[in-house]
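Have a look at the structure below before the remarks.
What follows is calculated from the coordinates using simple rules that are stated; it is not laboratory data. Owing to the predicted nature of the structure, the values given are computational and were not obtained by experimental measurement. A quick note on method: Cβ atoms are made from the backbone with ideal geometry, for glycine too, and the neighbour counts reach across all protein chains shown.
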Amino acid sequence: MGLLDLFRKNQKSSASVAKERLQILVAHERSARDNTPSYLPRLKEDLLKVIRRYVDIEPDQVQVTLDSDGNQEFLELNIALPEDR
Amino acid sequence: MARTIVITSGKGGVGKTTTSAAIAMGLAQRGNRTAVIDFDVGLRNLDLVMGCERRVVYDFVNVITGEATLNQALIRDKRCDDLYILPASQTRDKEALTQEGVGKVLDEMGKTFDYIVCDSPAGIEHGATMAMYFADDAIVVTNPEVSSVRDSDRMLGILASKSRRAENAEDPIREYLLLTRYSPERVERGEMLGVDDVQEILSLDLLGVIPESPDVLDASNKGAPIILNEQSDAGQAYTDVISRYLGDDVPHRFLDARKKGLFGRLFGG
C-alpha cells in the first residue's frame, strides 16, 4: 500500500467488482443448469421424431426450454418450419 | 488401463496447449508412458509447442479413418523416451473426429500407455466435447479474468453432463482448477482476481497456480515445453502441478508479490 493509494482508498478495487459480478452470474447460470430436468434432451429427441414424420426439419430447428417465473414453470417449444412448405 | 486427462477451458488463449505440453512432459519425465493428443482439428498447434512439427507424417484423423496405424502416427519425443505426440489433422471436416473413432483409438492407446493427455480446442463445439467425452480427469485451465472464469464454469456443466462417465452413471470426472497467467503483484493491487476468489466462485480443487512469465513465450518459441525450464517460475510451478496430480502434498508457490524496495513501497503501484 503506497502513499498514492490513500487517495484511491474509497474506490472499490476492480478485482472485487469482478468477483461480485461473477458470483451473481455463476450462481444464476448454475441454477438454470441444475433446474433443467434431465428428460429435456430426450423429450426434444422424441418431439423431433414425431415432427419429422410430417416435416423434414433439422435438429437445431427445434428448441425446448424450461423457464420459471415465480411459482409457474413454462415449457417452451419453438419449432422453426422450413419456408417452402 | 490408461488414465485419460482432458485439458479444457472453454475460452481460447488461456494456456491449454502450453499446459498439455507441460503436463504430458512432466508425467513422462517421471517414467509414466504418456501420450498427448491434439484435438484441435483444423488448427494444429500442439506439434509446434512440443517442437515436433517437422516430424508429422500422419495424424489423429488418419488413424481414425484407418489410413495409418496408431504406431505410424505417434511421434516419439526426442527428449523423453516415454512421451508420444499424436498431432491433430488439418482437415477442415470437423466431424472427422467421430465418437466411435476417438473411442477406438483411445482404447487401443489405453493398452500401452499410463496417461493420455487430451489437448482440447477452445469453445464448446464438437472437438471440445470429443476431447472431454472419454476423460477420467479434467484440468480446467483458467485465467484470473471474468470471461475465462465464466467459461470455465460452463465447461464444468458440460463435463458433468456430456461425458461417458456421466452417460453411464459412473463416478464423475475428477475436476481440477489450474490458474494460469497469475500475477501476484496485480492481485495485491486489487487489479486481478486472486486465487481464493476464483476458487470460491468455481469451488474446485486447486491443482496449481502458474505465474505469468515471459519464459512461457520463450518456451513455445523454441518448441520446448515450459516444464523443461527448471530455472523458470512457471516451469517450477508446473513441476509442482505434476507432483500434486500424482498425490504429493506440495505447498503452492509464487502466490505472493515480490517484496518491493522503499521507493516502490512509498509510491505504490
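Using a cut-off of 14 Å between beta-carbons, work out the net charge of the residues near residue B:133 (Lys and Arg +1, Asp and Glu -1, residue B:133 not included). Write out the running numbers ahead of the final one.
Working: positive: B:104, B:162, B:164, B:165; negative: B:100, B:107, B:125, B:136, B:137, B:167, B:170.
Summing Lys and Arg as +1 and Asp and Glu as -1 gives -3.
Amide H contacts of residue B:254 (H built 1.01 Å from N, in plane; Pro and chain starts excluded): no residue 5 or more places away or on another chain comes under 5 Å.
With an 8 Å Cα cut-off and a minimum separation of 6 or more residues, compute the relative contact order for the range B:122-222 in percent. Let's see the in-between values first.
On the way: 124 pairs, mean separation 28.8, N = 101.
Relative CO of the range B:122-222 lands at 29 percent.
Note on the range A:19-63: Cα-Cα pairs beyond 17 Å make up 52% of the total pair count.
Pairs spanning more than 22 Å between alpha-carbon atoms, out of A:44/B:94; B:104/B:162; A:44/B:162; B:11/B:111: A:44/B:94; B:11/B:111. Nearest 500 deg cm²/dmol is fine: what mean residue ellipticity at 222 nm does the protein assembly as shown get from its DSSP H runs of n ≥ 4 alone, each adding -39,500 (n - 2.57), divided by its residue count? About -12000 deg cm²/dmol. The share of alpha-carbon pairs in the range B:1-134 lying farther apart than 18 Å comes to 46%. Amide H contacts for residue B:182 (H built 1.01 Å from N in the peptide plane; partners 5 or more residues away or on another chain; cut-off under 5 Å): B:210, B:212.
Size descriptors for the range B:123-232: radius of gyration and Dmax over Cα atoms are 15.7, 47 Å. Cα centroid separation, the range B:88-128 to the range B:163-195: 22 Å.
Taking the square root of 5 times each eigenvalue of the Cα gyration tensor, what semi-axes in Å does the equivalent ellipsoid of the range A:34-84 have, largest first?
On the way: eigenvalues 115, 30, 12 Å².
They are 24, 12, 8 Å, listed largest first.
Using only Cα atoms, what Kirkwood radius does the protein assembly as shown have, in angstroms? Roughly 22.3 Å, rounded to one decimal. Close amide H pairs (under 5 Å, H built 1.01 Å from N) link residue B:189 with no residue at least 5 positions away or on another chain. Shown is the FRET efficiency for residue A:35 and residue A:60, computed with R0 = 30 Å from the Cβ-Cβ distance and rounded to the nearest 0.05: 0.85. Taken over chain B, the percentage of Cα pairs per 10 Å bin, counting from 0 up to the bin with the maximum distance, is 7, 31, 36, 18, 5, 2, 0.
The alpha carbon gyration tensor of the range B:56-116 gives principal lengths a ≥ b ≥ c with a/c of 1.5 or higher and a/b no greater than b/c, which makes the shape oblate.
Normalised by the number of residues in chain B, the average gap of Cα pairs under 8 Å and 6 or more apart makes the relative contact order 24 percent.
How large is the dipole of the range B:125-226 about the Cα centre if only Lys and Arg carry +1 and Asp and Glu carry -1, each at its Cβ, rounded to the nearest 20 debye? Intermediate results must be reported in sequence, preceding the final value.
Values: 10 positive and 20 negative charges, 64 e Å.
Rounded to the nearest 20 debye, it is 300 debye.
Given Cα pairs under 8 Å that are at least 6 residues apart, what percent is the relative contact order of the range B:163-216? Working shown, then result.
Values: 48 pairs, mean separation 23.6, N = 54.
Taking the mean separation of contacting Cα pairs over the length of the range B:163-216, I get 44 percent.
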